[in-house]
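Encoded as C-alpha cells, the structure appears first; notes follow it.
The values are calculated or read from the model by the stated rules, or taken from the named source; none is laboratory data. Please read all numbers here as calculations on a predicted model, not as lab measurements. Every residue, glycine as well, gets a Cβ built from its backbone with ideal geometry; the counts of neighbours run over all protein chains shown. Calculation scope for accessible area: heavy atoms of the full protein, side chains included, ligands and nucleic acids excluded. Shrake-Rupley method; radii C 1.70, N 1.55, O 1.52, S 1.80 Å.
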Amino acid sequence: QVQLVESGGGLVQAGGSLRLSCAASRRTFSSWAMGWFRQVPGKERDFVAAISFSDSNTYYADSVKGRFTVSRDNAKNTVYLQMNSLKPEDTAVYYCAATTLSGIIRDYDVDYWGQGTQVTVSS
C-alpha cells in the first residue's frame with residue numbers, strides 16, 4: 001500500500017505560478033513511476049505529467065508542455081509539479097499518482113491515487 005498526500009494547491013492569478021508536492025509513505029518510492037492528473041467537474045481525469053523511476057525521463061500533456069515541470073526527490077519520497085504561466089483553463093483538482101508503468105499513462109494504469117488538491121486560476 002502506498003499513501004500519497006498532495007499539498008500546494010490554491011488560488012492564483014493568470015500568469016502566476018504554483019508548486020504542488022506529493023509525499024509518499026513507502027520507502028520503496030524510488031521503484032514507482034509517478035504522475036499527475038487533473039480533473040474538472042463532469043469530465044474525465046486527464047494526464048498532466050509523469051516522471052520515471054530514476055528521474056531520467058519526463059512526459060507531459062501537450063497542453064502543459066513548456067509551462068509545467070515534474071521532478072522528484074527520492075530521498076524525500078516526494079514528487080513535485082512546478083506550474084508556471086498558469087491559465088484559467090488549468091483550474092482543476094490535481095491528483096498525484098503512483099504506477100509501475102513508464103511514459104504517458106492513463107487513469108486505469110494508476111495503482112495508487114492521492115486525495116487531490118484544488119488549483120484555481122483566476123482571469
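Annotations for the structure displayed:
- Taking the criterion of being modelled with pLDDT of 95 or more and buried (at least 20 other Cβ atoms within 10 Å of the Cβ), the residues of segment 19-33 that qualify are 20, 22.
- Exactly one residue among 56, 85, 63 is polar (S, T, N, Q) and either in a strand (DSSP E or B) or within 22 Å of residue 29 (Cβ to Cβ) (or both), and that residue is 56.
- Residues of segment 45-58 include none that is surrounded by 14 or more Cβ atoms within 10 Å (Cβ to Cβ), touching a strand residue (DSSP E or B) at 6+ places or on another chain (Cβ under 8 Å), under 19 Å from residue 123 (Cα atoms) and not charged (D, E, K, R).
- The sole residue among 6, 89 that is among the charged types (D, E, K, R) and open to solvent by less than 30 Å² (accessible area, probe 1.4 Å) is 6.
- Only a single item in (1) touching a residue at least 24 places away in the same chain (Cβ under 8 Å); (2) surrounded by fewer than 19 Cβ atoms within 10 Å (Cβ to Cβ); (3) not in a loop (DSSP other than H, G, I, E, B) is not met by residue 95, and it is number (2).
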